[in-house]
Amino acid sequence: MRRIYVTAAVMTATALSLAGEADAHPHVWIAMRSDVVINDKGEVSAIAVEWTFDDGYAQVALDGLDSNGDGVYSQSELEPLTLENMKSLKDYNYFVVPRVNGKIVAIKDPVDYGQIYSDGKLELHFTVPLAAPVNPHKVEFQYKVYDPEFFIAMDYVEQDPVGIQGAMPQGCRLVVKPVVSDQQLDQTRTMLSTKGTDWKPPDDEDFGGMFAQPALLICTK
């Protein structure tokens, strides 16, 4: 079973059907940051993410993993949880949605993944390669990191939310659009309450994407 969802369900009193619900809301919270990975040709080759889980999820997820009882979660003890989470996330494209000229582009399975528990916080990191690198001077590149079902809320940290791994292409800058306002959220929830359960957002978007902040690599032509 998918631990990242099963453990979250343990923490909530009622299981909700999120899609199309006016009162839909998440039950796990992640503080995140992300990096655009630039190869030696100045192309976008991957998206690297770092997630810090909320304390409630971490407590349940870590239950029983300290096999030697020393109070420290080693890499070997955390590995089963990491592998289980990565396996579960594959069905959701690892919550990473890159777009080129507005169209979703293919990704590969993650590399460089791992998990640590330090200072009372559980963190997961991994890098998602693009199926084919893209030249940001020739196309419009942006991405979102989010749970499509909005069961898990993912919010960027305030300090250094996004960055570049490698050399920033000349004439480019990386920006994150502001989070939607409470008024916009209320309007979206009201709109969703009028839709049927089979309704889907337009423009190849999905439910969780409506609440996610896009990061854009803006380059001069």
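For this structure, a couple of remarks:
- Among all residues of the stretch 143-152, there is at least one that is surrounded by 13 or more Cβ atoms within 10 Å (Cβ to Cβ) and in contact with a His (Cβ under 7 Å, 6 or more places away or on another chain).
- Listed conditions (1) open to solvent by 30 Å² or more (accessible area, probe 1.4 Å); (2) under 13 Å from Ser34 (Cα atoms); (3) at pLDDT 95 or above; (4) not small (Gly, Ala, Ser) are all met by Glu158, apart from (3).
- Qualifying residue in the stretch 92-104 (condition: out of contact with any helix residue (DSSP H, G or I) (no Cβ under 8 Å at 6 or more places or on another chain), farther than 20 Å from Asp35 by Cβ, surrounded by 20 or more Cβ atoms within 10 Å (Cβ to Cβ) and among the aliphatic types (A, V, I, L, M)): no
- Tally, over the stretch 105-140, of residues that are surrounded by 14 or more Cβ atoms within 10 Å (Cβ to Cβ) and aliphatic (A, V, I, L, M): 9
- Scanning the stretch 131-158 for residues that are part of a strand (DSSP E or B) and touching a residue at least 40 places away in the same chain (Cβ under 8 Å) returns Pro133, Val134, Phe141, Gln142, Tyr143, Lys144, Val145, Ile152, Ala153, Met154, Asp155, Tyr156.
- Among the residues of the stretch 126-175, those that are touching a Leu at 6+ places or on another chain (Cβ under 7 Å) and within 12 Å of Ile47 (Cβ to Cβ) comprise Phe141, Gln142, Val162, Ile164, Leu174.
- Within the stretch 176-209, being closer than 24 Å to Val44 by Cβ, open to solvent by 30 Å² or more (accessible area, probe 1.4 Å) and modelled with pLDDT of 70 or more holds for Val176, Lys177, Pro178.
The rows are residues; the columns are (1) modelled with pLDDT under 95; (2) in contact with a strand residue (DSSP E or B) (Cβ under 6 Å, 6 or more places away or on another chain); (3) assigned to a strand (DSSP E or B); (4) aliphatic (A, V, I, L, M).
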{"residue": "Pro26", "(1), (2), (3), (4)": "yes, yes, no, no"}
{"residue": "Gly42", "(1), (2), (3), (4)": "no, no, no, no"}
{"residue": "Ser45", "(1), (2), (3), (4)": "no, yes, yes, no"}
{"residue": "Ala58", "(1), (2), (3), (4)": "yes, yes, no, yes"}
{"residue": "Gly69", "(1), (2), (3), (4)": "yes, no, no, no"}
{"residue": "Glu77", "(1), (2), (3), (4)": "yes, no, no, no"}
{"residue": "Pro80", "(1), (2), (3), (4)": "yes, no, no, no"}
{"residue": "Glu84", "(1), (2), (3), (4)": "yes, no, no, no"}
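- Residues that are in contact with a Leu (Cβ under 7 Å, 6 or more places away or on another chain), open to solvent by 10 Å² or more (accessible area, probe 1.4 Å) and either over 30 Å from Cys172 (Cα atoms) or β-branched (Val, Ile, Thr) (or both) are absent from the stretch 41-51 altogether.
The values are calculated or read from the model by the stated rules, or taken from the named source; none is laboratory data. Here the structure is a predicted model, which is why all the values come from computation and not from measurement. Positions of Cβ are backbone-derived with ideal geometry, glycine not excepted, and every protein chain shown enters the neighbour counts. Note: areas computed on protein heavy atoms with side chains; ligands, DNA, RNA excluded. Shrake-Rupley method; radii C 1.70, N 1.55, O 1.52, S 1.80 Å.
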